[in-house]
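Here you go, one structure.
The values are calculated or read from the model by the stated rules, or taken from the named source; none is laboratory data. A quick note: this is a predicted structure, and the numbers were derived from the prediction, not measured. When we count neighbours, we look across all protein chains shown, and the Cβ atoms used for this are built from the backbone with ideal geometry, even at glycine. All accessible areas refer to the heavy atoms of the entire protein, side chains included, with ligands and DNA or RNA removed. Shrake-Rupley method; radii C 1.70, N 1.55, O 1.52, S 1.80 Å.
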Amino acid sequence: MKHSITTQTRRSHRGPARRVGRSLALVLPVVLVLSGTLAVTRVNWTGSPASSVLTASDVIPAQAAPKAIAHAPEDVLRDRLMSELHEKNPGVVLTHLQEAVNGRPSLARHCSAIARALGKAAVRIYGASRAQSYARPVCDTSFATGVLAARG
C-alpha cells in the first residue's frame, strides 16, 4: 500500500505543474513573436540617422504614395533660372525668362517678381556694376529694379 500512496501523491503534485507548463507552452511563443515584431519595427531600416522608426510612408512604393506638394510653375521657372544664373551670364538668363513668358503667357504676372529676384542674385554673383550692364527691358525693367534694390 505504500506504493499506491506515493504514486497518488506524485500525481497530485504533477497536476498543477502540468497545467502551468501547458499554459506557458501556449503563451510563450505568442509573447516572443509579438516582442520580436515590435523590436523589428523599432529598427532604423531607412539608413538615415534622423528617424529611428519605420513608418508606412517608408514602406509604400513611390508610385502608390500621394504626390508631395506640387511646385507652382513660376517657382519651378525661378529656381531653374536662378541655378542657370550661376552657370551663364544674366543676359542669357533674361532671354530664357522672356522665352518662357512668351511660351506660357500665364507666367507673365510672375515675370516681374522673377526678374527682380534674378537682379538681386546677379548683384551677389557678379557685383553691382557688372549686373547692371546686363539690364534690359524684360518684364518692365524689373531686373534693373532688383539690381538697384540689392545695391542699396
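Taking H as built 1.01 Å from N, whose amide H comes closer than 5 Å to the amide H of V138, not counting residues under 5 places away?
Amide H to amide H, under 5 Å and 5 or more residues apart or across chains, V138 pairs with F143.
Still on this structure, I have one more. Work out how much length A128 to R109 would gain on full extension: take 0.36 nm times their residue separation and subtract the Cα-Cα distance, in nm to one decimal. Mind showing how you got there, number by number?
Working: separation 19, 0.36 × 19 = 6.84 nm, distance 2.61 nm.
In short, 4.2 nm is gained.
7 Å from Cα along Cα→Cβ at both H71 and E87: what's the point-to-point distance in nm?
1.4 nm
Add +1 for every Lys or Arg and -1 for every Asp or Glu among the other residues with Cβ under 13 Å from the Cβ of A25, and state the total.
That sum, taken over residues with Cβ under 13 Å, equals +3.
Carbon-plus-sulfur fraction of the accessible area of segment 80-149, 1.4 Å probe, in percent?
Accessible surface attributable to carbon and sulfur in segment 80-149 totals 51 percent.
Sort 119-132, 100-113 by the packing proxy (mean of other Cβ within 10 Å over each peptide's residues), most packed first.
Most protected by this proxy first, the peptides run 119-132, 100-113.
With each pseudo-label sitting 7 Å past Cα toward Cβ, what's the R80-Q98 distance in nm, one decimal?
Each label point is offset 7 Å from its Cα along the Cβ direction, giving 1.8 nm.
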